[in-house]
Amino acid sequence: MMGRRSKVDGLPVDVRRWLERALTESGFSGYEELESMLSEKGFSLSKSAIHRYGQKIERRFAAIKASTEAARILTEGAADDQDARSDALVALVQTELFDTLISLQEASEEEDQAARVKMLSSAAKNIATLTRASVNLKKFQSEVREKLKTAAEAVTDMAKKGGLSDAAAELIRQKILGVV
């Protein structure tokens, strides 16, 4: 069963964009005023319809803001010597996809079911790609750690054979492994 289309979605694009700007500028409040302003423009929408649309836009803005802030923090704070930024980015995308799937499951019957199936299909494909990327990243990180351990042991052995104390050789090993 396909539900009714939102009255706001039926507005001309320029009026809908105006409403979106007005909603953000008013801090997603003042629905009665927006109702009367739309009425003056010749459009009849209830404050409830405007409120529902406002909540939808507010959720989108919050998600965009959170993603932008997370990306900023990742860029500023993650040294990429162990590919921590990629690891964090994969986790962020996984979280976003999970949240999207939950939203799709909670979608009302008013949603277009064909569009919902298409979105789920696209999400599943992207999740598979993301999972492969995550597995490959973990495999790469493990290989690098093993190579570092082997190199650290070789350097430690050479240092001891060259006359360095066990403590000095251990300090070199820890520096190579990033323990210190």
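Read-outs throughout are calculated quantities, based only on the coordinates presented, and are distinct from any laboratory measurement. Just so it is clear, the structure is predicted and the values come from calculations on it, not from any experiment. Reconstructed Cβ throughout: ideal geometry from the backbone, glycine too, with neighbour counts over all protein chains shown.
Per residue of region 137-144, what does 6.51 cos²θ - 1.76 cosθ + 1.60 with θ = phi - 60° give for ³J(HN,Hα)? Whole Hz please, x for Gly and Pro, Karplus curve as stated.
My calculation for region 137-144 gives 4, 4, 4, 4, 4, 5, 4, 5 Hz in order.
Dividing the convex hull volume of the alpha carbon atoms of region 126-180 by its residue count, what do you get in Å³ per residue?
Convex hull of Cα atoms, per residue: 53 Å³.
Once R0 is set to 41 Å, what does the formula 1/(1 + (r/R0)^6) return for the Cβ-Cβ distance between T129 and S39, expressed as a FRET efficiency to the nearest 0.05?
Numbers: r = 48 Å, r/R0 = 1.16.
Computed FRET efficiency for T129 and S39: 0.30.
Could you calculate the FRET efficiency of E32 with A62 from 1/(1 + (r/R0)^6), where r is the beta carbon distance between them and R0 is 35 Å, rounded to 0.05? Please list the in-between numbers first.
Details: r = 23 Å, r/R0 = 0.67.
Efficiency at R0 = 35 Å is approximately 0.90.
Measuring from label point to label point, each 7 Å out along Cα→Cβ, what is the D166 to K47 span in nm?
So the two model labels end up 8.0 nm from each other.
Please state the shape class of region 1-65: rounded when a/c is under 1.5, otherwise prolate if a/b exceeds b/c and oblate if not, all from the C-alpha gyration tensor. Show your work: numbers first, answer last.
Numbers: a/c = 1.63, a/b = 1.08, b/c = 1.50.
Oblate, because a/c is 1.5 or more while a/b does not exceed b/c.
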